[in-house]
Amino acid sequence: MDIRSFLHQKKENRAKKIWEMSTGAIIVIFMVWIVWLNKTSSVQNIEHFIWEKVSVSGTIFVDNNYPTNTHKLSNMQESFWLKESRINLNNFLETEVLIEWNISEITAKYPILIINKLKIPAYKLSISENRFFYTDKLISFDFSKDIDVYSKKNWWEIVLYYQNEPMLRVDTFICSNITETQNCEKLKNNYIANLNETFESLLWYTFYRNGINSRVAFNDSNLWYIFTVDSDGDMLNLSHLINIVDSKFVLNNKKDFVLSGCSTQDIKMTNITKLDKWIIDDDLVRLHVTWHDLSWQEILCKLNIDIFDDWEITNASVNFVEK
């Protein structure tokens, strides 16, 4: 064997040893990772107790051990088993969600949550008993009677699905009284002028024709909704699912809260003359309610309420408005 062959063989042997050592190291690291993963997946570092109310973010996965659980919620610190109620969790697999609910059971592996309410921050969506409330759009969809119906945000629009097939698309439009082409009153009057092209839903919302298979509805003054369907018949059939969270909706659903929050021993609310609202965060809405007392003094009440939960009013205050 000449020197060249010897050196070449020596390099090959060295490369072979390096490859064997590297492969062995990778296998060891992989086995350690598997052991660590199994350990962390079965042992919780955070202690919980039954009926504890938790607020936890994580990702939903299928983990069906019926009747114990149907899904699992996991994050970097801990995991929970989930039981479905009126929300079809399969529609939100591998989606980052926020759950605020009570622990119903503690098992040797994970605590169990029965899901009745969850939030999806990326969609600005709050779901309660399969009612979907898009907080930034002030629109709600009631799917409580059919868990095969759900909705998601797709870029700028909201899409309603039945068994994963799209059946309604919703886009929003904010008009303005500043520019001539987006003047709220003029645009709205153009729709109202064609009253024969409208219909009212069972919830008393008016839908105006906007073109072929398209309708428009208004939220008080400047927030409008454009609905697109395959046919006018579909729009009529689906309209009873749509709740526009306008002033009428707030008063119809939260009248008792508004009355109690805006009344004191000396001040009693009478007929409301004006109601303004803003979304603060999640379901929380800021209300400015205006009315006149018996001496025609204008009164302004400011309060925050949760649209769909029967929680107490927060930060209620009553102020007189100077004339």
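The values are calculated or read from the model by the stated rules, or taken from the named source; none is laboratory data. Keep in mind that what you see is a predicted model, and the values were worked out from it rather than measured. Please note: Cβ atoms are built from the backbone with ideal geometry, for glycine as well, and neighbour counts cover all protein chains shown.
Would you confirm, using the coordinates I've provided, whether LEU118 is of a type in the set (A, V, I, L, M, F, W, C), surrounded by fewer than 21 Cβ atoms within 10 Å (Cβ to Cβ) and part of a strand (DSSP E or B)?
Values: of a type in the set (A, V, I, L, M, F, W, C): yes; surrounded by fewer than 21 Cβ atoms within 10 Å (Cβ to Cβ): no; part of a strand (DSSP E or B): yes.
Taking the combined requirement at face value, the residue does not satisfy it.
Select from region 97-110 the residues that are surrounded by fewer than 18 Cβ atoms within 10 Å (Cβ to Cβ) and under 27 Å from TYR161 (Cα atoms) and write down the one among them that is modelled with the lowest pLDDT.
Ranking the qualifying residues of region 97-110, first place goes to GLU100.
Residues checked against (1) closer than 19 Å to ASP136 by Cβ; (2) modelled with pLDDT under 85; (3) in a strand (DSSP E or B):
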site: THR172; (1), (2), (3): yes, no, yes
site: SER176; (1), (2), (3): yes, yes, no
site: LYS188; (1), (2), (3): no, yes, no
site: ASN196; (1), (2), (3): no, yes, no
site: TRP204; (1), (2), (3): no, no, no
site: PHE207; (1), (2), (3): no, no, yes
site: ASN210; (1), (2), (3): no, no, yes
site: ARG215; (1), (2), (3): no, no, yes
site: ASP234; (1), (2), (3): no, no, no
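Any idea which residue in region 217-232 is nearest to ASN189 (Cα to Cα), counting only those that are assigned to a strand (DSSP E or B) and of a type in the set (Ser, Thr, Tyr)? Lay out the reasoning, then the answer.
Initially, region 217-232 is screened for residues assigned to a strand (DSSP E or B), giving 217-219, 223-228.
Remaining after also requiring of a type in the set (Ser, Thr, Tyr): 225, 228.
Values: TYR225: 16, THR228: 21 Å.
For region 217-232, the residue satisfying everything is TYR225.
Taking the options ASN243, ASN271, ASN237, ASN252, name whichever one is surrounded by 15 or more Cβ atoms within 10 Å (Cβ to Cβ) and either touching a residue at least 60 places away in the same chain (Cβ under 8 Å) or outside the structural domain of GLU100 (by TED's automatic domain parsing) (or both).
Working: ASN271 fails: surrounded by 15 or more Cβ atoms within 10 Å (Cβ to Cβ); ASN237 fails: surrounded by 15 or more Cβ atoms within 10 Å (Cβ to Cβ); ASN252 fails: surrounded by 15 or more Cβ atoms within 10 Å (Cβ to Cβ).
After applying the criteria, what remains is ASN243.
Assuming GLU94 fulfils every condition listed in (1) crowded, with 16+ Cβ neighbours inside 10 Å; (2) within 19 Å of the chain's Cα centre (by Cα) apart from one, which condition is it?
Answer for GLU94: the failing condition is (1).
Please work out which residue is nearest to the chain's Cα centre (by Cα), limiting yourself to region 278-305 and to residues that are farther than 15 Å from LYS268 by Cβ and modelled with pLDDT of 75 or more. Even if it seems obvious, please write down each step before you answer.
Let us first name the residues in region 278-305 that are farther than 15 Å from LYS268 by Cβ, namely 278-288, 302-305.
Keeping just the survivors that are modelled with pLDDT of 75 or more gives 285-288, 302-305.
Numbers: VAL285: 15, ARG286: 18, LEU287: 21, HIS288: 24, LYS302: 25, LEU303: 23, ASN304: 19, ILE305: 17 Å.
Per the stated criteria, the residue is VAL285.
Looking only at region 59-70, which residues are more than 22 Å from PHE141 (Cβ to Cβ) and assigned to a strand (DSSP E or B)?
THR59, PHE61, VAL62, ASP63, ASN64, ASN65, ASN69, THR70
Just need a number here: residues in region 86-115 that are assigned to a helix (DSSP H, G or I) and polar (S, T, N, Q).
Looking only at region 86-115, we keep the residues that are assigned to a helix (DSSP H, G or I), and these are 89-92.
Within this subset, residues satisfying the condition of being polar (S, T, N, Q) are 90-91.
Final tally of qualifying residues: 2.
Can you pull out the residues in region 130-145 that are over 12 Å from the mean Cα position of the chain (by Cα) and touching a residue at least 12 places away in the same chain (Cβ under 8 Å)?
Passing the criteria: ASP142, PHE143, SER144.
Scan region 190-197 and give yes if some residue there is among the hydroxyl-bearing types (Ser, Thr, Tyr) and under 27 Å from the mean Cα position of the chain (by Cα), otherwise no.
Here is the first cut: in region 190-197, the residues among the hydroxyl-bearing types (Ser, Thr, Tyr) are 191.
Imposing the further condition that a residue be under 27 Å from the mean Cα position of the chain (by Cα) reduces the set to none.
The answer is no; no qualifying residue exists.
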